[in-house]
Amino acid sequence: MNFYPSRLPWHQDAESLYQHLYELRYLPFPNILDRLTQLFIEGTQYHDPEILEIVYRLVASEQADREFLNVLNRCCYILINHWWSRSDLRYTAGFVLIFQRKPTQLSRVPVIDRLRKLVAQFTQSPQYTALLDRVNVAQTEDEPEASNHRRSVQDELRRYPFLYPHILLNEDTSDSGQEAVSHLQRQREHHYDQCLDQYLRNALLRNHTGEFSTELQRLTGLEEPQLRFAIKHYAGKSTAAGRYRESAQKFLLAWDGATAHHQAVQHLSTYLNTSIQQFAQQAHHPHCGASVSQWLEMQLKTIASPKGFLGQSDLLLTEVSWQLLDTLLAHPKSHAEQHVRFMGLHGGLGAPFTVGLLLKLALVCRRNWQHTCDRIAKRFAALVQHYRQSFQEDLRWLLEILNYWMLAKTLHGHSPESRAGRTALEYAYLL
């Protein structure tokens with residue numbers, strides 16, 4: 001085949017390819033798979049010679065090294081966004097994984113060799129890693145793993161819908177792509193709430209022993225004793241101050257009644273430190289509690305220094321709480337010392353109580369609960385992105401934190417559709 005570089009602008013050829021992908025969307029999936037395998041993997045004998053020539057022109061152009069991977073990426077999302085917007089995730093894995101196939105036919109044509117080389121580079125790119133995240137999230141089948149098995153954070157992403165917007169979306173994601181991910185997040189969170197609520201209702205009917213299903217273990221990542229303990233802790237009377245929400249309400253009354261900046265900050269310090277000390281006692285690590293309390297006092301002095309006392313301001317309280325959360329969940333690269341502190345907190349108190357501290361801060365952001373949860377999710381996503389490439393370390397600690405946060409957030413959800421939190425209040429009385 002004679003090949004001549006096109007005089008058409010690069011973007012016009014790219015747009016023609018995208019339009020072709022839009023036209024393929026409604027074909028049966030096996031047909032789509034066959035066509036795109038022929039177009040991008042074999043690079044020859046495509047049913048539409050004009051489209052194949054467009055691909056050749058794109059590959060042979062001067063921009064190919066910089067831009068062709070982005071073209072492939074957009075081609076993938078045209079189809080994935082179409083399927084996901086219809087809540088059809090079945091084809092994601094089969095489609096994304098075709099780029100890992102090896103060509104079945106030899107080539108002596110330079111432009112085809114170039115295409116295959118660029119496709120191979122695509123499978124090693126950050127864009128392709130993000131597509132593999134879509135594959136992992138789209139999977140619904142999972143078997144419970146042995147407690148001593150080293151699990152991959154990437155393989156477990158589907159279990160944490162609160163991470164979806166921060167892991168699956170980027171600045172280039174289309175509006176339809178964003179809506180598809182948001183819809184999946186809401187759907188998965190609702191399913192989690194329903195399954196948890198059903199377990200709790202069964203437990204109430206059977207006087208505290210519910211039917212612990214394989215699905216529930218897959219969903220929560222927790223075995224039955226862990227789940228029961230966590231429900232009792234997050235929904236029941238966790239400390240002498242009462243339940244989490246009661247404790248937060250008592251603190252907010254004290255905060256609203258404060259007449260001076262130092263008095264308001266002292267109320268916040270007492271609210272947090274009292275629980276930390278009691279968490280440390282329950283975890284049998286009192287020295288850890290003392291260390292964390294001392295560190296927290298130092299942070300409050302820095303973060304909540306007087307900038308002109310704002311009185312009964314929710315804005316001030318939210319600002320201080322957010323800065324404390326940012327410090328606790330600091331990125332390992334940019335704030336290594338703070339991250340080591342968080343790791344020490346987990347090591348001393350354990351995942352349920354570490355998440356409990358995050359929950360206590362989130363609950364006092366009374367008019368910003370959802371924004372606060374999103375902020376925490378963004379911080380968790382940064383930790384996942386940092387650790388996901390680590391194959392040497394045992395990351396069960398991070399999965400534990402994510403599992404307990406998913407549970408705690410669900411039990412304290414403000415949505416009218418959330419049922420598990422209300423049922424858990426009754427359940428906690430029995431434990």
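Going by what's in this entry, would residue 162 be described as over 23 Å from residue 362 (Cα atoms) and either in the same structural domain as residue 352 (by TED's automatic domain parsing) or not charged (D, E, K, R) (or both)?
no
Among the residues that make up segment 255-271, is at least one of them under 18 Å from residue 401 (Cβ atoms) and in a helix (DSSP H, G or I)?
Checked against the condition, which is being under 18 Å from residue 401 (Cβ atoms) and in a helix (DSSP H, G or I), segment 255-271 yields no hits at all.
What do you reckon, is residue 288 among the hydrophobic types (A, V, I, L, M, F, W, C), buried (at least 16 other Cβ atoms within 10 Å of the Cβ), in contact with a Leu (Cβ under 9 Å, 6 or more places away or on another chain) and not in a helix (DSSP H, G or I)?
no
Take the conditions of a type outside the set (Gly, Ala, Ser), on the phi > 0 side of the Ramachandran plot, more than 35 Å from the chain's Cα centre (by Cα) and surrounded by fewer than 17 Cβ atoms within 10 Å (Cβ to Cβ) and apply them to residue 12. Does it pass?
no
Do any residues in segment 317-336 that are surrounded by fewer than 20 Cβ atoms within 10 Å (Cβ to Cβ) have Cβ atoms under 8 Å from those of residues that are assigned to a loop (DSSP other than H, G, I, E, B) and at pLDDT 90 or above, where the two are at least six apart or on different chains, and which pairs are they?
Here the result reads 318/365; 318/368; 322/365; 327/335, each pair linking segment 317-336 to a residue that is assigned to a loop (DSSP other than H, G, I, E, B) and at pLDDT 90 or above.
Restricting to segment 345-392, count the residues that are surrounded by fewer than 21 Cβ atoms within 10 Å (Cβ to Cβ), closer than 18 Å to residue 272 by Cα and basic (Lys, Arg).
Residues meeting the conditions: 1.
Failed condition for residue 85, given (1) touching a helix residue (DSSP H, G or I) at 6+ places or on another chain (Cβ under 8 Å); (2) over 24 Å from residue 182 (Cα atoms), with all others met?
Residue 85 satisfies all of (1) touching a helix residue (DSSP H, G or I) at 6+ places or on another chain (Cβ under 8 Å); (2) over 24 Å from residue 182 (Cα atoms) except (2).
Against the conditions (1) at pLDDT 95 or above; (2) surrounded by fewer than 19 Cβ atoms within 10 Å (Cβ to Cβ); (3) more than 22 Å from residue 108 (Cβ to Cβ); (4) within 32 Å of the chain's Cα centre (by Cα), where does residue 75 fall short? Just the number, please.
(2)
Restricting attention to segment 38-54, does a residue exist that is under 24 Å from residue 179 (Cα atoms), in contact with a Cys (Cβ under 9 Å, 6 or more places away or on another chain) and of a type outside the set (Lys, Arg)?
No, every residue in segment 38-54 fails to be under 24 Å from residue 179 (Cα atoms), in contact with a Cys (Cβ under 9 Å, 6 or more places away or on another chain) and of a type outside the set (Lys, Arg).
Which of the following residues is in a helix (DSSP H, G or I), without any contact (Cβ under 8 Å) to a residue 60 or more places away in the chain, closer than 21 Å to residue 132 by Cα and in contact with a Lys or Arg (Cβ under 8 Å, 6 or more places away or on another chain): 72, 79?
So the residue among 72, 79 that is in a helix (DSSP H, G or I), without any contact (Cβ under 8 Å) to a residue 60 or more places away in the chain, closer than 21 Å to residue 132 by Cα and in contact with a Lys or Arg (Cβ under 8 Å, 6 or more places away or on another chain) is 79.
Considering only segment 325-431, give the helices (runs of 4 or more DSSP H) lying wholly within it that have at least 2 residues that are within 23 Å of residue 269 (Cβ to Cβ).
Filter on segment 325-431 gives 336-349, 351-363, 369-387.
Do the conditions hold for residue 409, that is, is it crowded, with 20+ Cβ neighbours inside 10 Å and modelled with pLDDT of 95 or more?
yes
Give the residue that is modelled with the highest pLDDT, with candidates limited to residues of segment 162-220 that are β-branched (Val, Ile, Thr) and more than 19 Å from the chain's Cα centre (by Cα).
So the residue we want is 214.
Using the structure shown, decide if residue 241 is in the same structural domain as residue 346 (by TED's automatic domain parsing), in contact with a Gly (Cβ under 6 Å, 6 or more places away or on another chain) and either hydrophobic (A, V, I, L, M, F, W, C) or modelled with pLDDT under 85 (or both).
Here the answer is no, as residue 241 does not meet what is asked.
Taking the stated definitions as given, is residue 107 modelled with pLDDT under 95 and farther than 27 Å from residue 168 by Cβ?
When the stated conditions are applied, residue 107 passes them.
Would you call residue 219 in a helix (DSSP H, G or I), in contact with a Cys (Cβ under 6 Å, 6 or more places away or on another chain), in contact (Cβ under 8 Å) with a residue 60 or more places away in the chain and within 21 Å of residue 405 (Cβ to Cβ)?
Taking the combined requirement at face value, the residue satisfies it.
The values are calculated or read from the model by the stated rules, or taken from the named source; none is laboratory data. Bear in mind that the values here come from a model prediction, so they are computed numbers and not experimental data. Counting neighbours? That spans all protein chains shown, and the Cβs are built from the backbone with ideal geometry, glycine included.
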